[in-house]
1. How many of the residues in the range 82-104 are surrounded by 14 or more Cβ atoms within 10 Å (Cβ to Cβ), within 19 Å of Ala148 (Cα to Cα) and not hydroxyl-bearing (Ser, Thr, Tyr)?
2. Being surrounded by fewer than 22 Cβ atoms within 10 Å (Cβ to Cβ), within 12 Å of Leu24 (Cα to Cα) and modelled with pLDDT of 95 or more: is that true of Lys50 here?
3. Please state which one of Ala89, Ala148, Ala157 is modelled with pLDDT of 95 or more and out of contact with any Cys (no Cβ under 8 Å at 6 or more places or on another chain).
4. So is Tyr126 over 15 Å from the mean Cα position of the chain (by Cα) and surrounded by fewer than 24 Cβ atoms within 10 Å (Cβ to Cβ) or not?
5. If you scan the range 103-127, which residues turn out to be of a type in the set (Gly, Ala, Ser), assigned to a helix (DSSP H, G or I) and over 13 Å from Ile45 (Cβ atoms)?
6. Can you pull out the residues in the range 107-141 that are modelled with pLDDT of 90 or more and among the small types (Gly, Ala, Ser)?
7. Can you tell me which residues in the range 123-145 are in contact with a helix residue (DSSP H, G or I) (Cβ under 9 Å, 6 or more places away or on another chain), closer than 22 Å to Ser61 by Cα and of a type in the set (A, V, I, L, M)?
8. Which helices (runs of 4 or more DSSP H) sit wholly inside the range 63-102 and have at least 3 residues that are out of contact with any strand residue (DSSP E or B) (no Cβ under 8 Å at 6 or more places or on another chain) and in contact (Cβ under 8 Å) with a residue 40 or more places away in the chain?
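The values are calculated or read from the model by the stated rules, or taken from the named source; none is laboratory data. Fair warning: this is a prediction, and the values are worked out from it, not measured in the lab. Cβ: placed from backbone, ideal geometry, glycine included. Neighbour counts: every protein chain shown.
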Amino acid sequence: MIMSRMPLPYNPKVLDLFRNPKNLGKMEDATVTAVAGNPMCGDMITFYLKINEHETIEKASFESYGCAANIATSSIVTEMIKGMKLADAWNISWKSVAEAVGGLPSVKFHCGILAIGALKRAIRKYYANKKSSPDWLQQEASFEEGQALEEEELAKALSKRRKKEGVR
């Protein structure tokens, strides 16, 4: 059986953000960091947020180990949230991220979901560190947080299975 890999139909904006990501890199003075991703597929994101006393995101950056869509969606999220109140950032959807990058191939929607999952984990962690929670922060995991967790659990299960089978 011969397999070929066709390049994905990324639009120019995704390709530009991939080649020239905004806010890429570790932030040494971050108020909070959060990770989301699946090491098995290679899409991993770490978000760094600098949050001021008014609960406004002053700075945002990311590190990404993944594909063009992963880097582009992470980059656009950091641009979207700068200057936002945490409550407003919480309400950004993965669909608005996909729209902001000019669309994604359907097999890459999960990259936008992971980016928002990492953002929401960072916001949730911020409030956990403060030991308080605002009324707008839902108690149960958001859709994006749930999806990120499912991908991570699947990766762990596959890794265990591969170790049992002796596959590296």
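1. 7
2. no
3. Values: Ala148 fails: modelled with pLDDT of 95 or more; Ala157 fails: modelled with pLDDT of 95 or more.
Answer to the check: Ala89.
4. Taking the combined requirement at face value, the residue satisfies it.
5. Ser106
6. Hits for the range 107-141 are Gly112, Ala115, Gly117, Ala118, Ala122, Ala128, Ser133.
7. Selection gives Ile123 alone.
8. Values: elements: 68-81, 86-90, 94-100.
Output list reads 68-81.
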